[in-house]
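Here's the structure we're looking at; comments come further down.
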Amino acid sequence: MPKTSAYATFSADTPLVPHSIERRAPGAKDVAIDILYCGVCHSDIHQSRNEWGHSVFPMVPGHEIVGRVREVGSSVETLEVGDRVGVGNLVDSCRTCEACLGDFEPFCMKGAAFTYNSSEMDRKTPTFGGYSKRIVVPEHFALKLPKELDLPGTAPLLCAGVATYAPLRRYNCTSGSRVAVIGLGGLGHLAVKFAAAMGAEVAVLTSSPSKVESAKALGARRCLPMAGEATFAENLGAFDLILDTVSAPHDYNAYLSLVRPGGTMVVLGVPPEPSPVAAFSLVFGNKQLAGSLVGGLALTREMLHFCARHGIAAEVEVIPIQEINEAYERVLDGQVNYRYVIDMNSLE
Ligand SMILES: [Zn+2]
Ligand SMILES: [Zn+2]
């Protein structure tokens, strides 16, 4: 099996280090991809530190992958050598179950093969992610990138992008919708760009006063202090849709008071502990509290074309892979604007 250079972590409390992994030779329906850039998602940190409790080591994180097709299997129909492609959270699923057929491949009834910290559909072969030079995936899971898209700014679209685009589409964000985005990080900044491009009036709720200017530059009309008394006093029932990207503990009931009758708040951030929701917060006003992970392949493809039409990319800082451990610390300190993307040319 061909060897591929990578960065891996061998336990929850040790840093990422250079490593060598094996990638299969492409099968008939596979494509082999030279990885050019990979985004650094907050979930890479959670999983490499075993904060969700099911980590498998050694682990090569990374599921915001963009690159160029290097080789195609004999039956590949949709891609050619040289095509620019993206790979997100998934590298396989059964493709026959109700979830897969309904564009919910991440929730495949047989269990999807996630891009890393998971296994291929044989449930034996571990999957390794994008902090590596090369990856091999079925063509169905490699999305051809529209030519307008710039590669580093596109990498985070494959996870953070579709994670925020999906609920905006599902809950009918459109011209004139009043949308609030809670938290202005990797997810939040893309939510603001998408909602503004869909014509919504966007407000950002943030705990960082320093982000007011950048929120407006991203397309927000208003920026409100997340915990400010006036935020709640003056905006009761003010929003059709709230996207909550915060993964620190917070009180859902307070933010539900900002949802209009019949409106929806969507949970995207994952706080470590359960947070109680009073039935009254939902019943009074016929409100919905929903969750959302990422989209299926069709919706991801739609999102990439939406970005091409509207000139949307993630705001990124490109780093060499040798700085990945420091980058993790800076993400945890909230110092990144707004996403680190690794330049894979830095890896020999
Ligand atoms: Zn992610
Ligand atoms: Zn399935």
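Every read-out reported here was derived from the displayed coordinates using simple, explicitly stated rules and does not represent laboratory data. Remember, it's a predicted structure, so these values are computed and weren't measured experimentally. Note: ideal-geometry Cβ built from the backbone for every residue, glycine included; neighbour counts use all protein chains shown.
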Choice from 261, 156, 209 with maximal GNM fluctuation in the chain (Cα, 10 Å cutoff): 209
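Dividing the alpha-carbon Rg of the chain by 2.2 N^0.38 Å yields what?
After normalising by residue count via 2.2 N^0.38 Å, the value is 0.98.
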Taking the stretch 160-291 and dividing mean pair separation by its residue count, relative contact order in percent (alpha carbons under 8 Å, at least six apart): 22
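Within the set of other residues whose C-beta is less than 13 Å from the C-beta of residue 184, count the net charge using Lys and Arg as +1 and Asp and Glu as -1.
Charge balance in the 13 Å sphere: +2.
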The chain, helix-only ellipticity at 222 nm - DSSP H runs n ≥ 4, -39,500 (n - 2.57), divided by all residues, nearest 500: -6500 deg cm²/dmol
Rg in Å to one decimal, and Dmax rounded to a whole Å, for the stretch 230-340 via C-alpha atoms: 17.7, 52
Choice from 319, 35, 242 showing the highest fluctuation, given a GNM over the chain with Cα pairs closer than 10 Å: 319
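State the percent of C-alpha pairs, over all pairs in the stretch 160-291, separated by a distance greater than 22 angstrom. Provide the component values of the computation, followed by the final result.
Working: 2346 of 8646 pairs.
Value for the stretch 160-291 (Cα pairs over 22 Å): 27 percent.
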